[in-house]
Structure formats: C-alpha cells, structure tokens
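Visitor: Here's a structure for you.
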Amino acid sequence: MTAHLISARLQNRSVYSRRSFATDASSGSPNPDPNSTSSTPPPRRRTLFRRLFIFSKYTLYLSLTSVVGLVVLTSFLFIHDLFTYTSRHVDRVPMNPLALHLERGGPKNLPIARVLVDDDEDEDMHRIARDKPRLVVVGGGWGAMGVLQTLHLGDYHVTVVSNETFTTFTPLLPSAAVGTIQIRSLIEPIRKIVARLRGHFVNGKAVDVDFGQRLIEIECVGNGERVYIPYDKLIIAVGSTSSTHGVPGLEHCFQLKTIADAQAIRRRVMDNFEIASLPTTSPSERKRLLSFVVCGGGPTGVETAAEIFDFCQEDIMNYFPKICREEVSIHVIQSRGHILNTYSEAISQYAEDKFKRDGVNLITNARVAAVTPEHVIYTSKNEDGKMEQHTIPTNFTLWSTGIAMNPFAKRVTQLLPNQFHKKAIEVDAHLRVKGTPQGTVYAVGDAATIETSLVSHFLEFVEEADQNKDGKIDFDEWEVMVNRIKQKIPMAEDHVSKAREIFTMYDVNGDNALELNELVKLLEDLGNKITSLPATAQVASQQGKYIGKKLNKLARRMERQEQEQKMETTQPSAGSATANTSSESSRNLILIPDEAISAPFRYFHLGSLAYIGNAAVFDLGKYSFMGGLAAMYAWRSVYWNEQVSVRTRALLMIDWIVRGVWGRDLSRL
Ligand SMILES: Cc1cc2nc3c(=O)[nH]c(=O)nc-3n(C[C@H](O)[C@H](O)[C@H](O)COP(=O)(O)OP(=O)(O)OC[C@H]3O[C@@H](n4cnc5c(N)ncnc54)[C@H](O)[C@@H]3O)c2cc1C
C-alpha cells in the first residue's frame with residue numbers, strides 16, 4: 001500500500017516537472033521534449049487560455065466578495081434598523097416644576113427660564129444644570145460652531161439660541177442657488193451639534209439684553225412670546241446683514257446670506273428660464289427675463305455669476321430651447337476698478353479674463369443708483385470723465401455689496417457707552433465686548449470687530465510706561481510702551497516692530513523723548529494703519545475656537561480653585577454645599593481675569609479662495625494659485641474638509657457626482 005502511494009506521488013511529481021518545463025518553453029526557452037510539445041496547444045493559445053483563466057478567477061473572486069459585501073451591508077442595515085425603529089417609549093420624565101411655571105422678573109417683568117424642561121432628564125443633565133456655569137451662545141453660524149466644537153463635555157450648562165434651527169455652510173450658498181448642490185447638503189441641525197455637550201437649543205431671536213442682571217431677552221420663533229434666559233457668560237455670534245448703501249429699490253433685489261435666500265434665487269432663476277421658453281413671451285421680454293444682474297464684484301457676487309454661467313452652459317444648453325442660451329446675459333456691476341479686489345492683482349486679472357472669455361459683462365467703476373422691478377440703473381464715467389446713467393432691463397438682481405450690523409448687535413452697541421463702530425460690536429483683544437461687566441460677554445465673527453484705536457488707551461499707556469513720571473516718554477519707556485501695545489492690540493505688532501525708527505520719526509523737537517502731543521500723534525497714526533479683520537468664516541471660526549479653548553481652560557482653573565477652597569475650609573453640611581455650588585462656580589468664573597488664562601486672540605490667515613466657473617483661484621498671501629479643473633477640485637476638497645459633519649460630507653459628495661453624471665435638477669419647486 002505504502003509502496004503504491006510512493007510510486008503514485010513520484011508519477012505526479014514527474015507530471016508537475018514536465019508542466020513546469022513546458023511553461024519554460026512557452027516563455028521562449030527551447031523545449032527538449034518533442035513529445036510534450038506535440039500533446040499541448042501552441043504557446044500563444046496557451047497564454048491566452050491562461051490569461052482567460054486568471055481573468056475568470058479574479059472576476060469570480062470580485063463577484064463573490066461584492067455579493068458577500070452586499071449581504072453584510074444589508075444585514076448591518078437591517079440590524080441597525082431593528083434597533084432604530086424600536087417602539088421605545090418614555091415614562092415619567094423627571095422634570096423640575098420650576099421649568100413649567102417660570103417666575104417673572106427682570107426689567108420688563110418677563111418669564112425667566114432659570115430651569116429648562118430638559119434640565120433634569122437624566123443624572124448628567126441634572127448635575128450640569130445644578131453645578132455648572134450657564135453659557136449662552138446667541139447665533140448658530142461659523143462663530144457659534146467654533147465655540148461648540150471646541151468646548152469639553154460637562155464643563156458648562158450650554159444653551160444655544162438661534163432664529164434658525166440649523167447651521168449653514170455659507171461658502172457654498174452660490175452653488176445651492178442654481179442647484180449644483182442641494183440645500184440639505186449645506187445644513188446641519190444645531191440640536192445634533194449641541195447634543196454632544198448635553199446642551200440645550202432654543203429656537204428664538206435675541207432682541208435685548210440686560211448686562212447688569214445678566215438676562216438675555218428672546219423672542220421665541222413660532223409663538224412670538226418673549227422670555228429671559230439668564231447667563232453667566234454670553235457669546236454673541238449673530239453675524240451680519242447686507243449693507244444697502246442707501247440705494248432705493250433694494251426690496252426688488254435678492255440677497256444671498258441664508259438658505260431661504262438661496263431657495264428664492266433658485267426659484268426665480270428657474271421661473272425666468274421657463275417663462276422665457278413660453279411661446280407667448282415676446283423677444284424683448286425674453287431678453288429681460290434672461291438678463292441676470294449681480295451688484296457687487298466681491299467673492300459672493302463673482303461666485304454667483306460664475307454658477308449662473310455654469311448652469312446655462314451645462315443644463316440650459318441641453319434641455320431648454322437654444323434661443324434661451326443664446327440670449328442669456330450676465331452682468332456684474334462693481335464700484336471699484338476690479339472684481340475680487342481684496343485678492344492679489346494676478347487673481348483679479350485672471351478672474352476678469354475668464355469672465356471676458358465667458359461673455360460675462362463686467363461693469364467696473366460704476367455705482368448702482370436705483371433698482372426697479374424691471375431695471376437696474378447705474379452710473380459710471382464716460383471717456384470724457386462725465387457721469388452717465390445706464391439702464392439694464394432685468395428680472396433678477398442680486399445685491400451683494402458688503403455687510404451691515406445685525407439688529408441685535410446694534411441694540412448691544414446702543415446699550416453700551418463706549419461703542420462707536422458703525423458695522424459691528426467693538427471687542428478688545430480677548431474678544432470681550434467693550435463696556436460690559438468684566439469677563440461676562442464676548443462677541444465673535446461678523447458681529448464683532450477688534451478695536452484698533454491706540455489713542456483711546458493713551459492715559460493707560462502713559463501711566464504704565466512713564467516710570468520717572470516726568471510727563472515725557474524716553475526711549476526705554478517707549479520700549480515698555482511698545483510691549484504693552486503689543487499685548488493690548490496684537491494687530492499693531494507689525495506696525496511697532498521698528499521701535500527706534502518710529503521713536504525718532506515722531507520726536508520732532510529731537511530732545512530724545514516723546515512729548516505728550518508727539519505721542520498722541522504717533523498713536524493716532526499707528527491706529528489708522530491697523531486694518532480690521534475681514535468678515536469671513538475663517539475669522540469667525542478661529543474666534544469661536546479661541547473662546548471655546550479659553551472657556552475650557554477657565555473650567556479647569558475653576559475646578560482647581562474649588563478643590564483648593566474645599567480643602568482650606570472646614571467640611572460644610574452636604575445640603576448647603578450642593579445649594580451653593582453653581583453660584584460659587586459662576587462667581588469664581590468671573591473673578592478669574594482672561595489675561596490670567598489665555599493670550600489675546602491672534603488670527604492666522606490660511607488664504608482666500610473663490611470659484612469662478614469650472615475654475616478656481618487661491619490667494620495664499622505670498623503665493624497665488626489659479627486654474628481650471630485641478631484648482632476646482634482643490635477648491636472642492638477644501639470645502640468638503642471644512643464641513644461640520646460626516647453627513648453633510650457624504651451628501652456633498654453625492655451631489656457633485658449626481659451633477660457630474662445627470663446634470664442639475666431642473667424642476668421648479
Ligand atoms: C454667500 C456667501 C459666501 C461666503 N463665502 C465665504 C468664503 O468662501 N470664505 C469665508 O471665509 N467666508 C465666506 N463668507 C462669509 C462668512 O459666511 C461669514 O463671515 C460667516 O458666516 C460669519 O460667521 P458668524 O458666525 O459671525 O455669522 P453667521 O455665520 O452669519 O451666523 C449668524 C447666526 O446667527 C443667527 N442669528 C442672527 N440674528 C440672530 C438673533 N437676533 N438671535 C439669534 N440668532 C440670530 C443666524 O440665524 C445665524 O445662525 C460667505 C458669506 C456668504 C453670505
């Protein structure tokens with residue numbers, strides 16, 4: 001039996017060795033066994049068979065793994081659904097009676113929501129509500145998201161107040177306005193974001209505030225009722241509104257700041273094309289309907305014009321009568337000499353050349369005088385330097401010419417004595433609202449502007465620097481003052497770097513010291529050179545994150561202080577300790593100055609980008625990058641990466657694929 005097996009194996013081995021020899025032959029080496037050649041197919045056919053075999057094998061593997069993958073995925077979805085769609089029910093939710101019967105008070109004797117309906121829902125919520133300082137964030141945009149994404153769970157009793165229930169990814173609003181991406185891909189519910197912090201959301205509009213009693217007045221969305229929400233720390237992140245420049249007829253314009261604006265624009269654009277395609281529409285009316293006017297050559301105006309152009313090229317061309325595409329006209333009216341004038345000159349030029357090639361009508365150095373339901377009237381200088389008035393018939397005008405103060409921000413500045421800025425709430429280098437009680441109110445984003453005036457700190461600077469009290473500042477004292485200026489107004493840092501040069505320049509009488517009048521002039525001039533930060537998502541987000549980190553540090557510091565205090569004092573009775581914890585925390589919070597826990601806010605500019613129609617431009621400070629498809633994909637990647645949630649990332653990706661394969665949805669909803 002054993003001998004039989006051995007002989008069989010030997011025979012097999014000889015078969016294997018022949019096969020390998022034959023394979024050698026097929027690869028080009030001579031075959032020493034003529035018999036083996038006669039019994040196998042010619043080498044080329046054998047290679048083909050072998051390739052076919054390998055191909056079939058891998059196709060089979062791929063199909064099998066796909067089937068297994070699908071089965072696993074479907075099972076996972078079924079199992080997930082099994083748990084999602086359970087008939088869970090809640091019984092007897094614990095609730096503080098004070099949440100149902102709000103006490104009244106405050107300057108207007110309104111209900112005060114000291115306890116919220118979900119404060120006692122579970123042990124964690126109850127502990128946070130009882131022990132932690134109250135942090136109220138007003139607004140749900142970039143600034144607010146920066147704060148919420150940075151805060152640590154359990155350090156604060158967080159309440160977000162916003163008139164919209166979602167946060168919006170504003171940079172892609174122009175794409176949503178023509179249906180390149182769906183509206184839903186740009187928004188994330190605030191409740192989902194605040195849930196990470198076991199926080200609360202109140203759908204309301206902040207209308208007033210009492211800084212003394214630390215109460216913010218909210219007008220609830222839906223029923224319009226007013227209520228106070230108390231705070232220990234308040235963060236104002238209400239953004240801005242569009243500036244009007246006093247132009248009459250702006251009620252006939254569209255704006256692009258919110259999701260509702262994007263939806264309205266999309267409807268109007270679709271209506272215009274549909275009506276222009278009707279057999280009853282006259283040629284002149286068709287021209288008017290297909291004329292799109294954008295007032296403002298900044299990034300929002302330029303991107304919207306580019307998106308409308310893309311829409312015409314890619315979808316109108318294919319699915320609407322060709323006359324519609326032919327008669328479309330897009331006009332961009334810009335008051336300055338160039339569009340994208342805050343970007344580098346090369347970028348501005350590139351965008352202008354691209355628009356010229358695309359047939360977009362750029363009207364520079366022009367001012368819009370009025371807007372009517374059927375026209376835009378603007379003035380510009382003719383070749384002789386005389387002002388001329390022009391009229392563009394249109395049924396779509398977008399107004400995008402800068403920002404103005406949000407009504408709540410305006411109310412805040414009216415309540416405070418030292419707020420003079422016309423467009424935003426003035427904050428110091430720690431983002432504290434100037435004039436409010438120390439460490440209680442901060443403002444971030446478009447609603448805030450960091451003070452740049454040095455002269456308003458004149459007395460303070462002199463008092464600290466004039467060490468010999470002779471009423472003059474010598475060079476050593478000036479160096480002390482320079483350090484103080486850098487701490488107080490970090491944005492002045494670059495302007496005071498050449499301390500000796502500045503000192504000599506302003507020491508007019510050459511006595512090697514700055515007299516007070518010389519110093520006033522110096523501080524005034526320096527202040528005028530400092531430029532405010534731009535109203536961008538980048539600034540708002542960095543400021544929000546800065547505040548979030550500061551509050552985290554504050555919470556750690558507070559915890560340490562409380563532990564030290566507990567160790568120092570004799571053990572109080574359990575009841576009184578619990579009752580006082582929250583108020584003690586709040587008091588301690590306010591006693592710790594911001595300077596003790598964080599450096600002033602510093603902005604790091606990461607670059608600016610804009611979409612200009614199947615092309616994009618990047619202004620990275622020293623370098624500029626602009627181009628077609630590659631730049632567009634880089635632009636998309638940046639925005640994809642900046643999304644607040646994985647859900648919106650997935651939706652955005654799907655939208656871009658769907659548009660690429662099937663084009664935009666042309667339904668008018
Ligand atoms: C179309 C468009 C494109 C843009 N593109 C870019 C870009 O590419 N890059 C860039 O850096 N920046 C861009 N920006 C600018 C950027 O969106 C803003 O600078 C940024 O949104 C400012 O953030 P914020 O938190 O201050 O305000 P916002 O993001 O505007 O948020 C304000 C929030 O406050 C809420 N709110 C308003 N009033 C009240 C109230 N009284 N009570 C309660 N809640 C209130 C609003 O509902 C909103 O949730 C763009 C802006 C627009 C409009």
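The values are calculated or read from the model by the stated rules, or taken from the named source; none is laboratory data. Only a predicted model underlies this, so the values are computations on that prediction, with no experimental measurement involved. Reconstructed Cβ throughout: ideal geometry from the backbone, glycine too, with neighbour counts over all protein chains shown.
Visitor: Does residue 260 satisfy the criteria of being within 16 Å of the ligand (Cβ to nearest atom), at pLDDT 95 or above, under 31 Å from the mean Cα position of the chain (by Cα) and within 30 Å of residue 319 (Cβ to Cβ)?
Guide: yes
Visitor: Please find, among 497, 453, the residue that is modelled with pLDDT under 90, under 39 Å from the mean Cα position of the chain (by Cα) and closer than 26 Å to residue 596 by Cβ.
Guide: 453
Visitor: Given (1) of a type outside the set (Ser, Thr, Tyr); (2) touching a residue at least 40 places away in the same chain (Cβ under 8 Å); (3) over 25 Å from residue 342 (Cβ atoms), where does residue 535 come up short, assuming only one miss?
Guide: Condition (3) is where residue 535 drops out.
Visitor: What residue, of 81, 91, 33, is within 35 Å of the chain's Cα centre (by Cα) and either among the polar types (S, T, N, Q) or at pLDDT below 90 (or both)?
Guide: Exactly one residue qualifies, and that residue is 81.
Visitor: Just give me the residues in region 463-477 being crowded, with 18+ Cβ neighbours inside 10 Å and within 27 Å of residue 427 (Cβ to Cβ), in sequence order.
Guide: Result: 465, single match.
Visitor: On the given criteria, is residue 227 more than 10 Å from the ligand (Cβ to nearest atom), surrounded by fewer than 20 Cβ atoms within 10 Å (Cβ to Cβ), of a type outside the set (D, E, K, R) and in a strand (DSSP E or B)?
Guide: Yes.
Visitor: Does at least one position in region 112-122 carry a residue that is under 30 Å from the mean Cα position of the chain (by Cα) and of a type in the set (Lys, Arg)?
Guide: Within region 112-122, none of the residues are under 30 Å from the mean Cα position of the chain (by Cα) and of a type in the set (Lys, Arg).
Visitor: Among the candidates 164, 121, which residue alone is within 9 Å of the ligand (Cβ to nearest atom) and acidic (Asp, Glu)?
Guide: Residue meeting the stated conditions: 164.
Visitor: Would you confirm whether or not region 212-223 contains a residue that is assigned to a strand (DSSP E or B), surrounded by fewer than 20 Cβ atoms within 10 Å (Cβ to Cβ) and more than 13 Å from the ligand (Cβ to nearest atom)?
Guide: no
Visitor: Kindly indicate the residue of region 293-304 that is part of a helix (DSSP H, G or I) and closer than 13 Å to residue 399 by Cβ and also nearest to the chain's Cα centre (by Cα) among those meeting that condition.
Guide: It comes out as 300.
Visitor: Please go through region 263-281 and give me each residue that is β-branched (Val, Ile, Thr) and either within 12 Å of the ligand (Cβ to nearest atom) or assigned to a helix (DSSP H, G or I) (or both), ordered by number.
Guide: Residues satisfying the conditions are 265, 269, 275.
Visitor: May I pose another question? Is it the case, given these coordinates, that residue 566 is at pLDDT 80 or above and not assigned by TED's automatic domain parsing to the domain that holds residue 483?
Guide: no
Visitor: Please go through region 635-660 and give me each residue that is hydroxyl-bearing (Ser, Thr, Tyr) and touching a helix residue (DSSP H, G or I) at 6+ places or on another chain (Cβ under 7 Å), ordered by number.
Guide: 639, 648
Visitor: Select the strands (runs of 3 or more DSSP E) contained entirely in region 378-457, then report the ones holding at least 1 residues which are within 16 Å of the ligand (Cβ to nearest atom).
Guide: Answer list for region 378-457: 396-399, 403-405, 425-427, 441-443, 448-450.
Visitor: Another question, if that's okay. Scan 98, 102 and give me the residue that is under 30 Å from residue 212 (Cα atoms) and in a loop (DSSP other than H, G, I, E, B).
Guide: Result: 102 is the single residue among 98, 102 that is under 30 Å from residue 212 (Cα atoms) and in a loop (DSSP other than H, G, I, E, B).
Visitor: Going by the conditions given, is residue 383 more than 31 Å from the chain's Cα centre (by Cα), modelled with pLDDT under 95 and assigned by TED's automatic domain parsing to the domain that holds residue 620? If you could, list the steps in order and put the result at the bottom.
Guide: Details: more than 31 Å from the chain's Cα centre (by Cα): yes; modelled with pLDDT under 95: yes; assigned by TED's automatic domain parsing to the domain that holds residue 620: yes.
Answer is yes for this residue.
Visitor: Do we find a residue being of a type in the set (S, T, N, Q), within 16 Å of the ligand (Cβ to nearest atom) and modelled with pLDDT of 90 or more anywhere in region 522-537?
Guide: So far as region 522-537 goes, yes, one or more of its residues are of a type in the set (S, T, N, Q), within 16 Å of the ligand (Cβ to nearest atom) and modelled with pLDDT of 90 or more.
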